[in-house]
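One structure is given below, encoded as structure tokens.
The values are calculated or read from the model by the stated rules, or taken from the named source; none is laboratory data. Keep in mind it's a predicted model, so treat the numbers as computed, not measured. Don't worry about glycine lacking a Cβ; one is built from the backbone with ideal geometry, like all the others, and counts go over all protein chains shown.
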Amino acid sequence: MRTVEDYLLHLKSKGFHFREDAIGFIFFGQQYTNSTDEIANAAIEITLKAQKGFDGSFYISLLETFASNKIHSRKEALQFVKKIELLAV
């Protein structure tokens with residue numbers, strides 16, 4: 001499993017560039033919701049797909065939703081957003 005930092009570097013290599021404040025927000029959200037790297041990475045991925053860019057409030061809301069629904073893996077996160085029709089994953 002890759003860390004959030006590694007995932008952000010991976011995304012950067014694919015052409016996704018995050019501003020410094022967005023990166024800070026990503027780590028703040030992860031700590032605020034006590035999310036694992038896997039869940040934070042899934043939230044970043046879903047945010048980018050759903051919003052066509054990084055939206056900090058959407059990302060935090062996803063992390064909070066995952067926490068309140070006891071979602072602990074990327075697979076569960078993707079299944080959940082498909083179930084609530086947030087994304088056609």
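Mind checking whether some residue in segment 32-44 is exposed (fewer than 13 other Cβ atoms within 10 Å of the Cβ) and without any contact (Cβ under 8 Å) to a residue 12 or more places away in the chain?
Initially, segment 32-44 is screened for residues exposed (fewer than 13 other Cβ atoms within 10 Å of the Cβ), giving 34.
Add one more test, that the residue is without any contact (Cβ under 8 Å) to a residue 12 or more places away in the chain, and what stays is none.
No; the residues of segment 32-44 include none that is exposed (fewer than 13 other Cβ atoms within 10 Å of the Cβ) and without any contact (Cβ under 8 Å) to a residue 12 or more places away in the chain.
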Query raised in the report: Is segment 24-36 home to any residue that is modelled with pLDDT under 95 and touching a helix residue (DSSP H, G or I) at 6+ places or on another chain (Cβ under 6 Å)?
Result: yes
Query raised in the report: Hey, among the residues in segment 37-57 that are in contact with a helix residue (DSSP H, G or I) (Cβ under 8 Å, 6 or more places away or on another chain) and among the polar types (S, T, N, Q), which one's modelled with the highest pLDDT?
Result: N41
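Restricting segment 49-89 to residues that are among the basic types (K, R) and under 21 Å from E20 (Cα atoms), which is nearest to the chain's Cα centre (by Cα)?
Initially, segment 49-89 is screened for residues among the basic types (K, R), giving 49, 52, 70, 74-75, 82-83.
Checking which are under 21 Å from E20 (Cα atoms) leaves us with 49, 52.
Values: K49: 10, K52: 13 Å.
Once the filter is applied, the top-ranked residue is K49.
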Query - Odd one out for L9, checked against (1) more than 22 Å from E76 (Cα to Cα); (2) under 12 Å from the mean Cα position of the chain (by Cα); (3) at pLDDT 95 or above - result: (2)
